[in-house]
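Following: one structure in structure tokens, then a few remarks.
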Amino acid sequence: MHLPSEIRGGFERVFGDAETIVLHSAPRALGHVAGGIDAVVDAALAALGPSRTLVWPAFTGQLTDPSQWMNPPAPRELWDAIRDELPDFDPARTAPRKMGRLAELLLHRPGARRSLHPTESVGAIGPRADELGRPHPLEDPMGPRSPWARLRALDARVVLLGVGFERCSILHHAERLAEPAYLAACAYSTFVRVDGERRWFEVESGAGCSDGFGVVEPKLRAAAAVEDVTIGDAHACVVSASRLVSTALSLLTRDPAALLCSSTDCAACNFARSTLLGHRARGLA
Ligand SMILES: [Zn+2]
């Protein structure tokens, strides 16, 4: 059993003296906290204080074209019906998918903002929330004009609480900057509503799988760039945003497949790898 004051102390340690913090979390890893998940949110915000900004991914992969769903796939005979019935993205209401409960509950706290991207929005709270969230280019949500580029420029402190590097979203920004040959082939479709009509468009932001991102961890540890902190029962890793991006970029420069996972069952990474092989065969990579 952990008291909220103990969890607050843990957040104070992982946030350190940073002005801008990116939080990826699986709050279940904290164990039993008196007061439950709301006490955890309170503890995080109390540790943050009024003068610093917290950012977190609030992605909504459920709002993509069903023909591209892999986990699980959508039955082909339902694709048209699903396209018709998918709800519009609403920054005030749409729940993030697989981002952890903290990511969802923080969105509803006073002062919280959410960037206006239908699938790759970020939540933010604090004095820089608006500046970090806008603009968020629709076709290029991980690119040089995205929140992630601004977080890198500010050298935000990235906290992985109870999750591994495979959940570290800023590595998609590195993937986008390196422009491996699979980037365009792995684009996915999503939609916004314009003048009452649904408009579908393509998004290029990576291979669609981040299970291979753990490859950066040994490089970062060899450079003593990872801080390990315990909060409750959870382990947290803390790394600088610019260090994460530069490490991933150097790996991608040597091998465009560096961030793809090694699972033979991963349709996304297998497809990305086949694209790279095609480019090599044609002498393009
Ligand atoms: Zn994969």
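Screening HIS117 against (1) crowded, with 18+ Cβ neighbours inside 10 Å; (2) in a helix (DSSP H, G or I) leaves a single unmet condition, (2). Regarding segment 6-27, can at least one residue be identified that is at pLDDT below 95, in a helix (DSSP H, G or I), of a type in the set (Asp, Glu) and more than 22 Å from the chain's Cα centre (by Cα)? No - not one qualifying residue is present in segment 6-27.
Does segment 139-158 contain any residue that is closer than 17 Å to SER25 by Cα, among the small types (Gly, Ala, Ser), touching a strand residue (DSSP E or B) at 6+ places or on another chain (Cβ under 9 Å) and outside any strand (DSSP E or B)? Yes, segment 139-158 contains a residue that is closer than 17 Å to SER25 by Cα, among the small types (Gly, Ala, Ser), touching a strand residue (DSSP E or B) at 6+ places or on another chain (Cβ under 9 Å) and outside any strand (DSSP E or B).
Taking the options ALA222, ALA129, ALA184, name whichever one is more than 22 Å from PRO91 (Cβ to Cβ), out of contact with any helix residue (DSSP H, G or I) (no Cβ under 7 Å at 6 or more places or on another chain) and modelled with pLDDT of 95 or more.
After ruling out the rest, the residue left standing is ALA222.
For segment 50-87, the candidate set comprises residues that are of a type in the set (A, V, I, L, M) and touching a Gly at 6+ places or on another chain (Cβ under 8 Å); within that set, the residue that is surrounded by the most Cβ atoms within 10 Å (Cβ to Cβ) is VAL55. Listed conditions (1) in contact with a strand residue (DSSP E or B) (Cβ under 7 Å, 6 or more places away or on another chain); (2) aromatic (Phe, Trp, Tyr); (3) assigned to a helix (DSSP H, G or I) are all met by TRP56, apart from (3). The condition of being among the small types (Gly, Ala, Ser), within 16 Å of the ligand (Cβ to nearest atom) and assigned to a helix (DSSP H, G or I) holds for only one of ALA268, ALA257, that being ALA268. Of all positions in segment 214-227, at least one carries a residue that is more than 14 Å from ALA181 (Cβ to Cβ) and assigned to a strand (DSSP E or B). Suppose the filter is within 16 Å of the ligand (Cβ to nearest atom) and either at pLDDT below 95 or of a type in the set (A, V, I, L, M) (or both); does LEU244 pass it? The answer is no for LEU244. Count of segment 229-245 residues, restricted to those that are under 20 Å from the mean Cα position of the chain (by Cα) and in a strand (DSSP E or B), is 7.
Being within 27 Å of HIS136 (Cα to Cα) and either of a type in the set (Phe, Trp, Tyr) or part of a helix (DSSP H, G or I) (or both), is that true of even one residue in segment 69-80? Within segment 69-80, one or more residues are within 27 Å of HIS136 (Cα to Cα) and either of a type in the set (Phe, Trp, Tyr) or part of a helix (DSSP H, G or I) (or both).
Restricting attention to segment 81-114, the residues being outside any loop (DSSP other than H, G, I, E, B) and either under 14 Å from TRP56 (Cβ atoms) or among the acidic types (Asp, Glu) (or both) number 10.
Among the residues making up segment 174-197, those that are touching a Pro at 6+ places or on another chain (Cβ under 7 Å) and more than 23 Å from LEU249 (Cα to Cα) are THR190, PHE191, VAL192. Within segment 212-228, the set of residues being in contact (Cβ under 8 Å) with a residue 24 or more places away in the chain and buried (at least 18 other Cβ atoms within 10 Å of the Cβ) comprises GLY212, PHE213, VAL215, VAL216, GLU217, LEU220.
Sort out which residues of segment 251-265 are touching a residue at least 12 places away in the same chain (Cβ under 8 Å) and under 14 Å from PHE213 (Cα atoms), and write them in order of number.
LEU251, LEU252, PRO256, ALA257, ALA258, LEU259, LEU260, CYS261, SER262, SER263
The values are calculated or read from the model by the stated rules, or taken from the named source; none is laboratory data. Note that this is a predicted model, so its numbers are computed, not measured. For neighbour counting, all protein chains shown are included, and Cβ atoms are generated from backbone atoms with ideal geometry for every residue, glycine included.
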